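Undergrad: Okay, handing you the structure first.
The values are calculated or read from the model by the stated rules, or taken from the named source; none is laboratory data. Only a predicted model underlies this, so the values are computations on that prediction, with no experimental measurement involved. Counting neighbours? That spans all protein chains shown, and the Cβs are built from the backbone with ideal geometry, glycine included. Areas reflect the complete protein model, heavy atoms only, side chains present, ligands, DNA and RNA absent. Shrake-Rupley method; radii C 1.70, N 1.55, O 1.52, S 1.80 Å.
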Amino acid sequence: MTVLPSQVDAVGTRYAAALTTVVLAAALVTLPLPISTGLIIFQGLVFASGAFLGPRFQPYGWLFRTFIRPKLSTTPQWEDSQPPRFAQLVGMIFVAAAGIGLVTGVTQVAQVGVGLAMAAAFLNAAFGYCLGCEIYLLGRRVTR
C-alpha cells in the first residue's frame with residue numbers, strides 16, 4: 001500500500017491524544033498556577049503545529065514515528081489527515097480560549113476550555129472516537 005502525504009496513522013493520533021490528555025489534565029489540576037499557563041501554551045503550540053502542518057509533523061507525531069511505531073507489530077492504519085487536522089484546530093481554539101481566560105483573570109473560562117479539550121482528547125485516546133473528526137465529517141456532509 002502506498003502511503004500518501006495526506007495520510008496519517010490512526011494509532012499515532014490516538015497516541016497523541018493520550019499525551020494531550022495527560023498534559024491538559026496536569027494543566028487543569030494546577031490552574032491557576034504559572035505551570036498551568038506553561039502547559040496550556042505548550043499544548044496550544046502542539047495543536048497549532050498539528051492544525052497547520054498536519055498531525056505527522058507535530059511533536060507528538062514525531063515521538064510516535066520515532067519511538068513507538070518501530071516497536072509495534074501491527075501495521076499502520078492509514079487515514080485521511082484532514083479530519084485530525086481539523087480536530088487539532090478545534091483543540092487549539094479551546095486552549096486559546098483558556099489562555100484568554102487566564103490572562104483576563106477569569107479562571108472559569110480557562111477551566112472550561114482546558115476541560116473540553118481534555119475530554120475530547122480522552123475520547124480519542126481511550127475509545128478511538130475523535131470528536132473533532134466527526135464534526136469535520138458532519139460539516140463535509142452538510143456542505144456537499
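Undergrad: Once Rh for the chain is found with the Kirkwood sum over Cα pairs, what is the Stokes-Einstein diffusion coefficient at 20 °C and 1.002 mPa s, in µm²/s? Let's see the in-between values first.
TA: Working: Rh = 15.3 Å.
Using the Kirkwood radius from Cα pairs, D works out to 140 µm²/s.
Undergrad: Mean separation of Cα pairs under 8 Å and 6+ residues apart, divided by the residue count of the chain: what relative contact order is that in percent? Write down the numbers at each step before the final one.
TA: Working: 194 pairs, mean separation 47.2, N = 144.
Reported as a whole number, the value is 33 percent.
Undergrad: Any idea what angle helix 34-52 forms with the longest principal axis of the chain, computed on alpha-carbon atoms, 0 to 90 degrees, nearest 10?
TA: 30
Undergrad: Based on the alpha carbon coordinates of the range 73-144, what radius of gyration and maximum Cα-Cα distance (Dmax) apply, in Å?
TA: 14.6, 48
Undergrad: Let me ask something else. Just to verify a number: FRET efficiency for R141 and I100, C-beta to C-beta distance, R0 = 22 Å, to 0.05?
TA: Details: r = 32 Å, r/R0 = 1.44.
The formula returns an efficiency of 0.10 here.
Undergrad: Moving on to the next point. Take every Cα pair under 8 Å in the range 15-99 that's 6+ residues apart, average their separations, divide by the length, and report that relative contact order as a whole percent.
TA: Working: 70 pairs, mean separation 30.1, N = 85.
35 percent.
Undergrad: Quick one: accessible area per residue over the chain, 1.4 Å probe, rounded to a whole number of Å²?
TA: On the way: 8090 Å² over 144 residues.
Heavy-atom accessible area per residue stands at 56 Å².
Undergrad: Using Cα atoms only, what is the angle between the long axis of helix 82-104 and the major principal axis of the chain, expressed in degrees (0 to 90) to the nearest 10?
TA: Once rounded, the angle reads 10 degrees.
Undergrad: Still on this model: Working from Cα positions, state the angle (0 to 90°, nearest 10) between the long axis of helix 131-143 and the longest principal axis of the chain.
TA: Approximately 70 degrees, to the nearest 10.
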